[in-house]
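The block underneath contains the structure these notes are about, expressed in structure tokens.
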Amino acid sequence: MSKVEQALKCFEDGFSCSQAVFATYAKDLGMDYETALKVSQAFGGGMGGMQGECGVVTGAYMVISLIHGRTRAEDSEARLTTFRLVKEFSERFKKVYGTTVCKELLEGKSGSHYDMCADYVKNACLILEAILKEENKETK
């Protein structure tokens with residue numbers, strides 16, 4: 001099962017958009033699945049249900065940070081790489097949807113959380129995978 005399919009299954013099972021994206025990737029990056037679900041819960045529904053920054057976006061940011069984030073304060077290269085990739089993700093997501101704000105993404109939509117947001121989960125994973133693949137090529 002692909003990461004996209006895993007994330008969609010997680011989302012369909014009732015987890016939030018942020019959990020679906022983050023936990024799907026985090027389990028293969030050294031974080032156990034339950035911890036990943038807990039850590040990412042607060043970001044669902046646009047930051048705690050407040051419809052701010054979309055949960056799939058923050059979930060992807062957390063994946064990028066889990067891979068590239070710094071663990072030493074003086075590691076400016078890791079910080080800059082993380083920020084560059086987060087910005088790249090945001091720009092690509094906005095190119096598709098025009099915004100990264102949950103409230104704006106949901107305007108005019110109705111139905112279950114799956115019906116309203118599954119496309120965002122799917123495309124966030126596809127964008128994330130493309131960015132990570134490109135970055136992996138650059139660092140080899």
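From the alpha carbon centroid of segment 80-102 to that of segment 12-45 is 19 Å.
I'd like the trypsin sites (Lys or Arg not before Pro) in segment 1-55 restricted to DSSP loop residues with at most 16 other Cβ atoms within 10 Å, sorted by number. Counting only loop positions with at most 16 other Cβ atoms within 10 Å, the trypsin sites (Lys or Arg not before Pro) in segment 1-55 are Lys27.
For a Förster distance of 22 Å, can you work out the FRET efficiency between the beta-carbons of Arg79 and Glu34, rounded to the nearest 0.05? That gives a FRET efficiency of 0.20.
In the chain, a dipole from Cβ-located charges (positive for Lys and Arg, negative for Asp and Glu) runs towards its positive end, and of Ala7, Tyr25, Ser65 it is Ser65 whose Cα lies farthest in that direction.
Sites listed here are GluC sites (Glu not before Pro) in segment 1-93 whose DSSP assignment is loop and whose Cβ has at most 10 other Cβ atoms within 10 Å: Glu74. Stretched out fully, how many nm does the piece from Lys3 to Ser110 gain, at 0.36 nm a residue minus the Cα gap? Between Lys3 and Ser110, full extension yields 35.9 nm more. Shown here are the Rg and Dmax of the Cα trace of the chain, at 14.4, 47 Å.
Is the shape of segment 97-140 best called rounded, prolate or oblate, per the rule: a/c under 1.5 gives rounded, else a/b larger than b/c gives prolate, else oblate, with a ≥ b ≥ c the square roots of the Cα gyration tensor eigenvalues? Note, shape of segment 97-140 comes out prolate.
Values in this text are rule-based calculations from the coordinates and carry no lab data. Please read these numbers as outputs of a predicted model, since none were measured by experiment. Note that we place each Cβ from the backbone using ideal geometry, even for glycine, and neighbour counts take in every protein chain shown.
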